[in-house]
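The values are calculated or read from the model by the stated rules, or taken from the named source; none is laboratory data. Everything quoted here is computed from the prediction, not taken from an experiment. Cβ sites come from the backbone with ideal geometry, for glycine too, and all protein chains shown count toward neighbours. Protein only, heavy atoms only, side chains kept; ligands, DNA and RNA dropped before computing areas. Shrake-Rupley method; radii C 1.70, N 1.55, O 1.52, S 1.80 Å.
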Amino acid sequence: MADLLLILLSAALVNNFVLVQFLGLCPFVGTSARFETTVPMTLATMFVLAVAAVATNLLHHHLLAPFGLEYLRIIAFIVVIAACVQFTELFVRAASPLLHRMLGLYLPLITTNCAVLGVVLIAVDEGLSLARTLVLAIGAGAGFGVAIVAFAALRERINDDAVPAPLRGVPLALVTVGFMALAFHGLRGIGAGMGA
Amino acid sequence: MINWFAKPTETPVIMDRVLIALALPVAVSAWVFGPMALAHCAVALAAGAGFESVCRFARNRTPWPFADRSVPVTCLLIALAMPPSAPLWLSVVAVGIGVVLAKELYGGLGRNVFNPAMAGYAAVLAAYPQALAHTDATTGATALDALRFRGAMTIDEASGGPAFGVLGGAGFEWVNAAALAGGVYLLLVRVVHWRLPLAVLVGLGLPAAIFHDAGSSASLGSPVFHWFAGASMLAAFFIATDPVTAPRAAGHQWLFGLGVGALVFAIRAAGSHPDGVAFAVLLGNLATPVLDRLRAARSGQAP
């Protein structure tokens, strides 16, 4: 149990997939302009991550590995992720058309969110069990959520009228991501001695 | 006749009092660590004046620096946090990142989202770990390093070493005591409310007390040690109390202070950086807009 908690905290904070490993920056910057879209985006990403992680884990251990087809894994995993995203998109469109419009292109783009492929590849590379893979995926999703919620609130606070013209909008947002990554860098090493 | 105990509201007045409060730690630092500590302060102030002038000039304002006195406060905080044995150009880099990137780019005073001093100091901590390594021939390892790399020694054995003083780290304990005295002055002149400093010190002391473990070889240091080591007192009274980057609601201030204190302890005890103050404050700053947003949502106003 303790090691599962450690995996969760490590994926969410110490090795945050966005701010420490720099994966998934595109939806991170793209959907953080409005605070309202961040929580739905996090839930969608976390759902895709969890389903895709479990599916790719089973696919790898019961189909690819027994037949020596590991070299096909990136293609196979992307197909699995795309299917998960399609399913999520259909669900969001039916459940909340407004939310579907707010998330726009970024919802289908979860397919190409490298954090999702990154998590499933890391889980397979490290030979994590099914339970650990699921916890890693949930932790990565939670870490994405922590980062994007904080980032959206920071972006709201930045007063664009006061910012020098060339830096308004995305440029200063990227400077802000840099400082956020700096803050998370301070957590480096925590939990490393405990066999994560 | 000036009423020195009236609650000040204008930024230059507040910052003048913060500068008065910082004079004591600067003097003690110079007395304990020698001229290098003063040189860091002077270089940091000069760099701060230069960077602020250039930024003001670039934005078509009067290029006269230090008008609101917030930049010299940032410079002195960076210089005090810097180990005196570090090269002087590190102070210049830290001030540049803190004043230009973390403050002026966001529109200047009151518009920054991160504490400028800690943003600049954290950046050089991350970028130049070698230049900042606390061990060198003249000062030896600091207490925070000695505590972590002491092997199987107990606290009492290790704290007999040259890196330890009466209360905390050798030398640093006196700077911390001076910062505490300056902080008490700020409380008296009502520049700072007692809530945030107390929350930071409790947040740092509580986990230290829980893990103190009666001074065994696994102990991570007593609360008193942590309060008087590194930049603890500066963080509690001068950095966490920054009105721009700390949350506004009282409950959220408790949460912020306790969180920053606990993060300082966690990074010192388990992280790979010698002192966690800068990173803990930045992580706290990250939470501030979310907390202020919650407050605005609760009271039904626009954020």
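Per-residue accessible area (protein heavy atoms, 1.4 Å probe) orders B:T9, A:T38 as B:T9, A:T38, starting from the largest. By definition, a body whose alpha carbon gyration tensor gives a ≥ b ≥ c is prolate when a/c is 1.5 or more and a/b is larger than b/c, and the stretch B:218-303 fits this prolate description.
If R0 is taken as 60 Å, the Cβ-Cβ distance between B:A42 and A:F91 corresponds to a FRET efficiency of 0.45.
Which shape class, rounded, prolate or oblate, goes with the stretch A:1-98 when its Cα gyration tensor gives a ≥ b ≥ c as root eigenvalues, a/c under 1.5 marks rounded, and past that a/b bigger than b/c marks prolate? Since a/c reaches 1.5 but b/c is at least a/b, the shape of the stretch A:1-98 is classed as oblate.
Please average, across the residues of A:151-159, the number of beta carbons from any other chain that are within 10 Å of each residue's own beta carbon, and give a whole number.
Numbers: counts 3, 3, 11, 7, 2, 5, 10, 7, 4.
Shielding by partners across A:151-159 averages 6.
Please list the equivalent ellipsoid semi-axes of the stretch B:34-140, computed as the square roots of five times the alpha-carbon gyration tensor eigenvalues, in descending order and whole angstrom. Before the final figure, lay out each step's value.
Working: eigenvalues 133, 39, 19 Å².
Semi-axes (√(5λ), whole Å): 26, 14, 10.
On the beta carbon distance between A:D125 and A:A33, with R0 = 35 Å, the FRET formula returns roughly 0.55.
Chains A and B together bury roughly 2600 Å² of accessible area, counting both sides, with a 1.4 Å probe on protein heavy atoms only. For the residues A:V39, A:V149, A:V14, a GNM of chain A with alpha-carbon springs under 10 Å puts the largest fluctuation on A:V39.
Between rounded, prolate and oblate, where does chain A land on the alpha carbon gyration tensor, with a ≥ b ≥ c its root eigenvalues, rounded for a/c under 1.5, else prolate if a/b exceeds b/c? Oblate is the answer for chain A, as a/c is 1.5 or above yet b/c matches or exceeds a/b.
Could you tally the net charge around B:R293, taking each other residue with its Cβ under 12 Å from the Cβ of B:R293, Lys/Arg +1 and Asp/Glu -1?
Numbers: positive: A:R155, A:R157, B:R248, B:R295, B:R298; negative: A:E36, A:E156, B:D292.
After counting each charged neighbour, the total is +2.
At an R0 of 56 angstrom, the distance between the Cβ atoms of B:V54 and A:F67 translates into a FRET efficiency of 0.30.
Quick one: accessible area per residue over the stretch A:118-175, 1.4 Å probe, rounded to a whole number of Å²? It would help to have the intermediate numbers written out before the result.
Details: 2190 Å² over 58 residues.
Accessible area per residue: 38 Å².
Please list A:S10, B:S299 in order of solvent-accessible area, largest first, computed with a 1.4 Å probe with all protein chains present.
Details: A:S10 25, B:S299 70 Å².
Greatest to least solvent exposure: B:S299, A:S10.
Want the number for B:V13 to B:A296: 0.36 nm per residue separation, take away the alpha-carbon distance, what's left? Spell out each step's value before the answer.
Numbers: separation 283, 0.36 × 283 = 101.88 nm, distance 2.86 nm.
Answer, rounded to one decimal: 99.0 nm.
The alpha carbons of the protein assembly as shown give a radius of gyration and a Dmax of 24.3, 89 Å, in that order. The local environment of A:H100, defined by Cβ-Cβ distances under 13 Å, has a net charge of +1 under the rule Lys, Arg +1 and Asp, Glu -1. Going by accessible surface with a 1.4 Å probe and the largest first, B:R295, A:R73 read B:R295, A:R73. Contact residues in the stretch B:241-278 (at least 40 Å² less accessible area with all protein chains than alone, 1.4 Å probe): B:A270, B:S272, B:H273.
B:C55 exposes around 20 Å² of accessible area when a 1.4 Å probe is run over every protein chain in place.
Largest GNM mean-square fluctuation across A:E126, A:E156, A:E36, computed for chain A with C-alpha springs under 10 Å, falls on A:E126. Net charge around B:V113, counting only other residues with Cβ within less than 12 Å of its Cβ (Lys, Arg = +1; Asp, Glu = -1)? Around B:V113, the surrounding residues sum to +1. Using a probe of 1.4 angstrom, how much of the accessible area of chain A is carbon and sulfur, in percent? Of the solvent-accessible surface of chain A, carbon and sulfur hold 71 percent. Across peptide B:99-105, the mean count of Cβ atoms from other chains lying within 10 Å of each residue's own Cβ comes to 3. Spin-label model, B:R61/B:R248: points 7 Å from Cα along the beta carbon direction are separated by 2.2 nm. Scoring A:163-169, B:99-105 by mean Cβ neighbours within 10 Å over their residues and listing the highest first yields B:99-105, A:163-169.
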